[in-house]
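First the structure, in the form of structure tokens, and then the observations on it.
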Amino acid sequence: MLDVSALLFWLLAAITIAAALAVVLLKNIVHSALYLVLTFAGVAGIYILLQAEFLAAVQLLIYAGAVAILIVFAVMLTRRGDIKASNLYNFNYLAAGVVSLALLVIIILGNGRMAWTAAPAPAPASNVAAIANAFLGRYAIPFEVAAVLLLVAMVGAILLARGGKPER
Amino acid sequence: MTVEGIFTGIAAYLRGFLAGAPPWVVTLAMGVLYLIGVLAFIFLNALYLIYLERKISAYMQQRIGPNRLGPHGLLQSVADAVKLLGKEDIIPRGADRWVFIIAPILIFIPATMLYAVIPFGKGMVPADLNIGVFYFLAVASTTTIAILMGGWGSNNKYALLGSMRCVAQMVSYEIPLTFSILGVIMLAGSLQTSQIVAAQGKVWYILLQPLAFIIYFVAATAEVNRAPFDLVEGEQEIIAGPYIEYTGMRYALFYLSEYANLVSVSALAVTLFLGGWQGPWLPSWLWFLIKVYIMIFIFMWVRWTFPRIRIDHLLSFNWKVLLPLSLANILVTGVGIKIYQLLTLGRW
């Protein structure tokens, strides 16, 4: 029997990368945001192939809402007559190249340091309980720190949006 | 074959028919069959619900409603559907062409996918995922993007206003909706819809989680954009919002998915709070249908009773009332479960 999952993986990977390229290259910022949805859906598909259904559902739930809000902001903040030219190019090749290269190096180094081994046991039927145990047990402190960080970001955003001292 | 086992019997017969084929063929064929079954369920229900809605609204307003075509006007929806099929398909010149075309198709995909985890009867879940309820919420959340695409692609100020409201409303009401369901999940100890129904053999969760049920009902009304939370469409102010430029079949797809979503949130309410397919004497799938229609009737009753509320009231009601209440509900449920365990098992 042919290996369906390998075929599906390459299909999903191709869709994800093509959609990600479209996000960067398209000139209409709303189209870019919509292709971002496709990118996230492709990643969710790969999670399903890895039997991490819970993670796939989280991916869909969070990023669907996030992209919707992103589009709203794109429409609100782009005060251009024509939205067709809202995601413009500029000519800062040098800075962009340095940043991208640095990120690539970090990703490659990070990948190299990790010893990737295939787990001998089959994936458990339900990984929800395992994720919950990890979050509230072993990784409770990083989890809480991340939550506090998000809270700080949110309070900061509200403060910035209000701007200066209140009127009364 | 008993009345109870009609549908499971058909499925078993078809499986037997395919017995010789390789397993992936069987899986694929059964998937297609389930899809056809779900689509038939959606179309029949939507057709009948449009008629039901018009009749109920008519009686609530002391009118008669559709009564010309067929006995008691029963064929009115069929005539309307045929009329919609024959309408001219108009794409505005200023529209964002592909976004405009894809949006009505895209909104129908999650509306159909939601039915995969609904237990229609005893052993009648199309795909009994172990993250069932969570899958439902995740798929349902993508509806926002389709409505936003329709509203933005139309290149019309009322459509854009409607889709902006849609994002504000649906993204915020998703939060109390999810939190209200958490109480039930804590009691059942599972996200699998079949297990949640099975756990309600003795007592329905509406009795243990009355507050969660009310929060779910309010948030679900907002999620399916029905009055008094129909600000996304708001015929009198923004003329059907995102759907303003759509005609013919494209408009019908939006309409259809709206009714499909009404049925699926009612079905989820039945699954989570009203004991699913459980009930005496009658076959399980009939019990399920009866309960779903009771829920739908309450949704319609509310729609034709309350006036629309303002967008800022809508959002502050969500953040200042529903969200704290749903959080409190989770806390009380957690403490309650622990006390119950202490009393019955004698340990924490």
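The values are calculated or read from the model by the stated rules, or taken from the named source; none is laboratory data. Remember, it's a predicted structure, so these values are computed and weren't measured experimentally. Every residue, glycine as well, gets a Cβ built from its backbone with ideal geometry; the counts of neighbours run over all protein chains shown.
Of all the criteria given as (1) modelled with pLDDT under 85; (2) assigned to a helix (DSSP H, G or I), the one not satisfied by B:G20 is (2). Do we have any residue at all in segment B:279-290 that's at pLDDT 85 or above and buried (at least 22 other Cβ atoms within 10 Å of the Cβ)? Yes, some residue in segment B:279-290 is at pLDDT 85 or above and buried (at least 22 other Cβ atoms within 10 Å of the Cβ). Looking across B:S163, B:S180, B:S154, one residue alone is crowded, with 21+ Cβ neighbours inside 10 Å, modelled with pLDDT under 85 and away from every other protein chain (no Cβ under 11 Å). It is B:S154.
Residue pairs whose Cβ atoms lie under 6 Å apart, separated by 6 or more positions or on different chains, with the first residue in segment A:63-88 and more than 7 Å from chain B (Cβ to nearest Cβ) and the second modelled with pLDDT of 75 or more and in a loop (DSSP other than H, G, I, E, B), are A:K84/A:N28; A:A85/A:K27; A:N87/A:K27. Please tell me if A:R80 is over 23 Å from the mean Cα position of the chain (by Cα), surrounded by 10 or more Cβ atoms within 10 Å (Cβ to Cβ) and at pLDDT 85 or above. No. The residue that is farthest from the other protein chains (Cβ to nearest Cβ), counting only those in segment B:85-144 that are in a helix (DSSP H, G or I), among the β-branched types (V, I, T) and surrounded by 21 or more Cβ atoms within 10 Å (Cβ to Cβ), is B:I107.
Here's a check for you: in segment A:31-42, which residue that is touching a helix residue (DSSP H, G or I) at 6+ places or on another chain (Cβ under 6 Å) and touching a residue at least 24 places away in the same chain (Cβ under 8 Å) is nearest to the other protein chains (Cβ to nearest Cβ)?
So, considering only residues that are touching a helix residue (DSSP H, G or I) at 6+ places or on another chain (Cβ under 6 Å) and touching a residue at least 24 places away in the same chain (Cβ under 8 Å), the one nearest to the other protein chains (Cβ to nearest Cβ) is A:V37.
Could you count how many residues in segment B:100-130 are more than 14 Å from the chain's Cα centre (by Cα) and modelled with pLDDT of 85 or more? Looking only at that region, the number is 7.
Beta carbons closer than 7 Å, at least 6 apart along the sequence or on distinct chains, pair a first residue in segment A:7-19 that is under 13 Å from A:Y35 (Cα atoms) with a second that is of a type in the set (S, T, Y) for A:T16/A:T39; A:A19/A:Y35; A:A19/A:T39.
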